[in-house]
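Below you'll find the structure, written out as structure tokens, and then a few comments.
The values are calculated or read from the model by the stated rules, or taken from the named source; none is laboratory data. Nothing here was measured: the structure is a model prediction, and the numbers come from that model. Here Cβ is always computed from backbone atoms with ideal geometry, including for glycine, and neighbour counts include all displayed protein chains. When the accessible area is computed, the model is the full protein with side chains, heavy atoms only, and any ligands, DNA or RNA have been set aside. Shrake-Rupley method; radii C 1.70, N 1.55, O 1.52, S 1.80 Å.
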Amino acid sequence: MQASENIQALPPAEEQQPVFTELCEVASIGSNGSILFATDDWFAPAEWMLKDSEPVCRPDEYTPYGKWMDGWETRRKRIPGHDWCIVELGAPTQIAGFMIDTAHFTGNYVPRVSIQGGTLDETTKRMLQSSIPRQLQCDGDANIGTGRTMEELGMMELIGTDHWDVLLSRTELKPGYEQTRRQHFIVPKGKQSLVVSHLRVNIFPDGGIARLRVYGTVRINVSDSLSAKKPIDMIAMLNGGRCTGYSNAHYGHPRNLIKPSTGINMGDGWETARRLDRPPVLRVDGAGILQVPGSEWAIFELGAPDGCWVERICIDTKHFKGNFPDNVRVEYACKGKQDLWMPLMERKKLGADRLHEFSATDLLPQEKAASFVRITIAPDGGLSRVRIFGTIARA
């Protein structure tokens with residue numbers, strides 16, 4: 001399908017975001033989220049609801065099935081029931097809240113929604129994927145214009161997802177105008193301790209949602225699932241890593257650094273504003289490191305419960321060509337001593353739009369197991385991804 005040149009994108013809304021949006025986002029395509037089942041994908045497939053990009057409007061574009069819409073939109077229901085889909089999250093998560101965006105869905109938005117959480121075992125997932133397969137692509141239109149048969153619906157009912165825990169009770173949504181499109185919902189405190197790997201998103205009875213975002217804390221015990229002797233990415237979101245603080249996130253949040261996917265553009269990384277304390281004339285030392293008074297930082301808790309021994313660090317500046325940091329350094333802290341930082345890697349010069357790998361010979365001797373790391377860039381700029389490989393420390 002050829003995209004129309006008349007594309008209108010909505011800018012991010014300038015509004016106060018709930019605290020839970022600082023947590024990891026686990027449903028989007030870039031976080032390995034996916035759709036396992038949807039009752040109807042007529043106007044737009046459910047996968048598009050998980051796109052990482054901002055919703056766009058193509059006013060003059062139509063498909064053989066109707067108006068092109070950037071999200072998940074079902075047909076106007078003419079049979080009993082309501083539409084719903086099953087979302088597989090990137091990792092098992094304690095969910096704190098949701099953001100539902102109805103952008104551009106003004107006369108066709110979902111009027112009411114509820115969300116349930118649960119877990120599908122691997123046997124059930126394989127059965128589902130073999131009997132009711134879905135295309136894995138996000139940007140294609142393979143699922144568009146389709147709906148499930150009565151036999152397929154009956155098979156799904158046997159799984160019992162309608163009995164999962166209710167994380168968001170039936171709630172009214174607002175239309176997708178700029179003032180009302182982004183809608184945040186907090187999971188009740190009694191349900192925030194639940195660890196779920198799948199969601200059932202119910203829409204009543206039909207309509208469209210532009211984007212779904214799910215925020216929470218990934219709960220996975222890497223010591224149970226992986227060999228303690230094998231170096232793994234301890235900062236990765238899907239291994240339980242999470243951002244716990246930062247100095248500046250003007251253009252992009254540092255939680256993007258630990259997503260499993262490759263950065264898709266500069267907005268899919270961590271980028272700070274230009275520091276105002278930059279000297280009028282810049283100078284470097286003998287190693288070529290800029291001599292500036294300020295820096296920016298981000299702190300991450302690693303996924304290893306008792307810390308890890310770091311063996312390799314990867315810093316990726318992909319897409320950052322005129323705004324990459326001059327240099328980076330890494331420090332670590334132990335479990336229960338987050339305010340006591342010890343050096344792990346001295347300042348290293350960075351370059352534009354490339355992956356920098358630092359091996360054990362580039363790292364300083366590690367006296368204790370690391371449970372937290374602080375990444376400091378100077379003077380400012382952007383990173384796309386960070387990987388910290390290490391082995392699990394035993395208590």
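Laid out as a table, the results:
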| quantity | calculated |
| --- | --- |
| Unmet criterion (only one of (1) closer than 25 Å to Y215 by Cβ; (2) open to solvent by less than 20 Å² (accessible area, probe 1.4 Å); (3) not aliphatic (A, V, I, L, M)) for W68 | (1) |
| Residue check for H184: open to solvent by 30 Å² or more (accessible area, probe 1.4 Å), on the phi > 0 side of the Ramachandran plot, touching a residue at least 24 places away in the same chain (Cβ under 8 Å) and not small (G, A, S) | no |
| Residue that is modelled with pLDDT under 95 and in contact with a Gly (Cβ under 8 Å, 6 or more places away or on another chain), where the choices are P80, P64 | P64 |
| Contacts under 7 angstrom Cβ, first residue in region 326-344 being among the aromatic types (F, W, Y), partner open to solvent by less than 30 Å² (accessible area, probe 1.4 Å) and in a strand (DSSP E or B), 6 or more apart | Y332/L344; Y332/A370; Y332/F372; Y332/V373; W341/E331; W341/A333 |
| Only listed residue being under 30 Å from G30 (Cα atoms) and within 23 Å of the chain's Cα centre (by Cα), chosen from G307, G351, G381, G322 | G381 |
| Residue tally, condition open to solvent by less than 50 Å² (accessible area, probe 1.4 Å) and in contact with a helix residue (DSSP H, G or I) (Cβ under 8 Å, 6 or more places away or on another chain), over region 160-169 | 1 |
| Output for region 289-307, where each listed residue is under 16 Å from H253 (Cβ atoms) and either among the acidic types (D, E) or assigned to a loop (DSSP other than H, G, I, E, B) (or both) | E296, E301 |
| Test: residue in region 295-305 that is open to solvent by less than 40 Å² (accessible area, probe 1.4 Å), touching a helix residue (DSSP H, G or I) at 6+ places or on another chain (Cβ under 9 Å), at pLDDT below 95 and hydrophobic (A, V, I, L, M, F, W, C) | yes |
| Of all residues in region 348-375 being touching a residue at least 60 places away in the same chain (Cβ under 8 Å) and buried (at least 19 other Cβ atoms within 10 Å of the Cβ), the one that is farthest from P293 (Cα to Cα) | A369 |
| Residue under evaluation N143, criteria (1) touching an Asp or Glu at 6+ places or on another chain (Cβ under 6 Å); (2) assigned to a helix (DSSP H, G or I), criterion not met | (2) |
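Table: residues versus (1) touching a residue at least 40 places away in the same chain (Cβ under 8 Å); (2) acidic (D, E); (3) open to solvent by 70 Å² or more (accessible area, probe 1.4 Å); (4) within 27 Å of N239 (Cβ to Cβ).
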{"site": "F105", "(1), (2), (3), (4)": "yes, no, no, no"}
{"site": "I115", "(1), (2), (3), (4)": "yes, no, no, yes"}
{"site": "Q129", "(1), (2), (3), (4)": "yes, no, yes, yes"}
{"site": "R134", "(1), (2), (3), (4)": "yes, no, no, yes"}
{"site": "R148", "(1), (2), (3), (4)": "yes, no, no, no"}
{"site": "E151", "(1), (2), (3), (4)": "no, yes, yes, no"}
{"site": "L158", "(1), (2), (3), (4)": "no, no, yes, no"}
{"site": "L173", "(1), (2), (3), (4)": "yes, no, no, no"}
